[in-house]
Amino acid sequence: MNAGTIVIVGAGQAGGWAATTLRERGYIGRIILLGDEAHAPYERPPLSKAVLSGSVPPESTELFSAERLAALDISFRPGIAATRLRLADKQVDTSDGGAIAYDKLILCMGGRPIVPPLPGVAWGEGAAAFTDAHGVHVLRTRDDALRLRACLGPGKHIVIVGGGWIGLEVAATARQAGTRVTVLEQADRLCARSVLPAVSAHLAAMHAAQGVDVRLGVGLRAVLREPGESQAGRPSQSQSQSRSVAELTGSHPVAELTDGQRLVADAVVLGVGLQANDTLAREAGIACQRGVLVDQYCRTSAPDVYAAGDVAVSTHAEAGGTMRLESWQNAQDQGTAAALSALGEPAPYLPTGAVWSEQYDAMVQIVGFPALAASEVLRPQTDAGALVSVALDGGGRVVAAVTVNAPRDLRQLRKWIAQRALVNPALLQRPDVPLANAEIR
Ligand SMILES: Cc1cc2nc3c(=O)[nH]c(=O)nc-3n(C[C@H](O)[C@H](O)[C@H](O)COP(=O)(O)OP(=O)(O)OC[C@H]3O[C@@H](n4cnc5c(N)ncnc54)[C@H](O)[C@@H]3O)c2cc1C
């Protein structure tokens, strides 16, 4: 396909890559990129790291500037949301009252933080629910990062709800800024959905060593804003807090935990997961399953409609059926793959599970899908703080790996995961045996 109109909904990582790929692959038709944020496509990983710490300006996260998009003759429309997909007419309605006809449509709407329906947490709609006055924060956009940044520093205390990647990255950045940090994790270990127990334990020890108060098996019950607001009666003072609830101005949130404790904070940060922005697609009748279902060519159930990035749920037999991956690399690669499919040059694409996280001086890298593992084998490391966890399926084949500050082993581990290599666990655990020699050929 080389003419006509391709509309991309969502100007984030996946949408930006889809748009630029189309043009760079020689597409000469119209490309319209709709983004409901005010900004040109930007990268989100720095939002919990360098942007949150203030060491780089938010503008530095820009992926494709408006000028670059214009130079590629991409019609970028910031601040304009798609409001309805009319598949039968091949049209997209937009928030400015317009309607755009398309030949191909690529859905890259990403996701939004889950807001648990707890007292004092969820009220209002969308961003309006998270204002400084209420003291409850999420972290998805540049604006979220700037709001949260103002709550960090010596003498401040933040309570992070959720010991997943976003929560832990915020914890690390906040600690480095001198903030007192409490992390609440309802499960019995950190990042339980994405790594195996030894990695969780490593992360917990790392944060504890940095002075984070990590509480496992404890969740948030409510956020109070005024003394006496609790249905449970007069607020009691938590053992670990320095100010009493009675001293509060109404602007400080008080986190009431599932174990009954109350923590006065400068901010309560929700990091309990992401919900795919699939409403438009669902309302249009496109098959969705907690995200827009796509095949390995990024095709949805509707003709000429593709999806990529955090909003897309891939059919992935090796990953146990279907999977939705929240990863920078996946957004780029799947956005590119969706563009190629829309152009009629489809190349199969399946997410590889590649994700990284930076916390303090630790670089955590995940490859493959640890959730598929039956066992975890640790390879001893000499460097303090380093870790190599190899995940094996029931047959002893490598399905995933997580490394912390051990990049040199990644190449071999990636190869093994791609080949589902059979390895000898005893040899993996012997530092005197080169990693490659642990493979059973
Ligand atoms: C704080 C943070 C830190 C992260 N750190 C890492 C990391 O270290 N490593 C890693 O691998 N991944 C990380 N990620 C994940 C990674 O950034 C995401 O996977 C990636 O941004 C997904 O890209 P996307 O384009 O699918 O979605 P997004 O980047 O969310 O873009 C979707 C865009 O579509 C817009 N949109 C939604 N609906 C509409 C509509 N109807 N009309 C128009 N526009 C719409 C949204 O507002 C948004 O701008 C991090 C994410 C966050 C939030």
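Put simply, when 260-271, 406-417 are sorted by average Cβ atoms within 10 angstrom per residue, most first, you get 260-271, 406-417. Modelled spin labels at D295 and S60, positioned 7 Å past Cα toward Cβ, are 4.4 nm from each other. In terms of Cα atoms, the Rg and Dmax of the chain work out to 23.1, 68 Å. For the stretch 316-357, the alpha-carbon radius of gyration amounts to 1.22 times the rule-of-thumb value 2.2 N^0.38 Å expected for a compact globular protein.
Expressed as a whole percent, the accessible area of the chain that falls on carbon and sulfur atoms is 51 (1.4 Å probe). Pairs of Cα atoms under 8 Å, at least six residues apart: use those to get the relative contact order of the stretch 363-424, whole percent. About 34 percent, as a whole number.
Note on K415: aspartates and glutamates with a C-alpha under 15 Å away, same-chain residues under 8 apart excluded, are E439. By a straight-distance test (C-alpha under 19 Å), which lysines pair with K49 as possible cross-link partners, with residues fewer than eight away in the same chain excluded? Filter leaves K156.
Remark: relative contact order (the chain) = 14 percent; criterion is Cα-Cα distance under 8 angstrom and separation of 6 or more residues. When +1 charges are put on Lys and Arg Cβ atoms and -1 charges on Asp and Glu Cβ atoms, the dipole computed for the chain relative to its Cα centre reaches about 580 debye.
Under a plain spin-label model, where a point goes 7 Å from the Cα along Cα-to-Cβ, how far apart in nm are A198 and W328? Taking the two extended label points, one gets 2.7 nm. Springs between alpha-carbon pairs under 10 angstrom, Gaussian network model over the chain: which of S314, S194, S48 fluctuates most? Comparing S314, S194, S48 in a Gaussian network model of the chain, the most mobile one is S194.
Per residue, the chain exposes 42 Å² of accessible surface when a 1.4 Å probe is rolled over the protein heavy atoms with every protein chain present. Summing Lys and Arg as +1 and Asp and Glu as -1 over all other residues whose Cβ lies under 13 Å from the Cβ of R420 gives a net charge of 0.
Extension gain, D259 to N424: 0.36 nm times the residue separation minus the Cα-Cα distance gives 55.0 nm.
Run the helix sum for the chain: -39,500 (n - 2.57) per DSSP H stretch of 4+ residues, divided by residue count, reported at 222 nm to the nearest 500 deg cm²/dmol. Numbers along the way, then the final one.
On the way: 10 runs with 89 residues, N = 441.
Mean residue ellipticity at 222 nm (helix-derived): -5500 deg cm²/dmol.
Cross-link reach is defined here as a Cα-Cα straight distance under 27 Å, omitting same-chain residues fewer than 8 places apart; for K104 the lysines meeting it are K90.
The values are calculated or read from the model by the stated rules, or taken from the named source; none is laboratory data. Given the structure is predicted, the values throughout are model-derived calculations rather than measurements. Neighbour counts are summed over all protein chains in view; Cβ atoms, including those assigned to glycine, are modelled from backbone coordinates with ideal geometry. Just the protein is used for accessible areas: all its heavy atoms, side chains included, with ligands, DNA and RNA removed. Shrake-Rupley method; radii C 1.70, N 1.55, O 1.52, S 1.80 Å.
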